[in-house]
Amino acid sequence: MSRVRATAKPLQLLVEPLTRAAFAPFGEVLESAGATALPINAGTTTRYHDLARVEALGCEALGGEARVLLNLFDGQAWQAPVPIRLLERHPLGSQAFYPVDGARMLIVVAPAGELDERAIRAFISRGDQGVNYAAGTWHHPLLCLQRPGRFVVVDRGGNGPNCDEQWLSQALEVSF
């Protein structure tokens, strides 16, 4: 894990709209559009079924105590340009973020495996979209756009090291 801080002038990272197809290499987009809608509770509620595959990987070497956690995160507001200096990953489970108050996110990701800085991509969500990062996918910590936001976060708890951080060799900058 490299701890060298980037010092050169940041490179500009282009932002893409968040779509299921574009985000597929990194996990899943969480949204009701296109999901299976099921009427439940005598028709008083609509369930948007099976939006993501939540992973909580556990193995005997880690004690087999993997479990799914349900959390609330309050994110601070970020204004453009946003500096990107490090990414993190959770090798033992997925991590899902969904706004409960319509907050939008800047999502910065890279494929799982050794961090390839040339493969970093950026997306902007709508206020009715969230993401489920696949296990091992590199991503920036939560970035709320222009105002604070509250998010339901589902991820893995249990034994084992489940958060790796890596500083980028050259800082990136995202404008939107």
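Across all C-alpha atoms in the chain, the radius of gyration and Dmax reach 16.8, 60 Å. Modelled label positions at residue 67 and residue 21, each set 7 Å beyond Cα in the direction of Cβ, lie 4.2 nm from each other. With the simple model of a label 7 Å out from the Cα in the direction of the Cβ, residue 54 to residue 173 spans 4.0 nm. Descending by average beta-carbon neighbour count within 10 Å, the peptides 17-23, 152-158, 32-38 line up as 152-158, 17-23, 32-38, the highest first.
Taken about its Cα centre, the range 11-174 carries a charge dipole of about 420 debye when Lys and Arg each add +1 at the Cβ and Asp and Glu each add -1 at the Cβ. Packing around the peptides 87-94, 69-76, taken as the average count of other Cβ atoms within 10 Å per residue, puts them in this order, highest first: 87-94, 69-76. Segment residue 9..residue 101, full-extension length gain: 29.6 nm, with 0.36 nm per residue of separation and the alpha-carbon distance subtracted.
In loop segments of the range 26-81 as defined by DSSP, the GluC sites (Glu not before Pro) with at most 11 further C-beta atoms inside 10 Å of their C-beta are 65.
Bear in mind these aren't lab numbers, they're just calculated from the coordinates by the rules spelled out. Owing to the predicted nature of the structure, the values given are computational and were not obtained by experimental measurement. Every residue, glycine among them, receives a Cβ derived from its backbone with ideal geometry; neighbour counts consider all protein chains shown.
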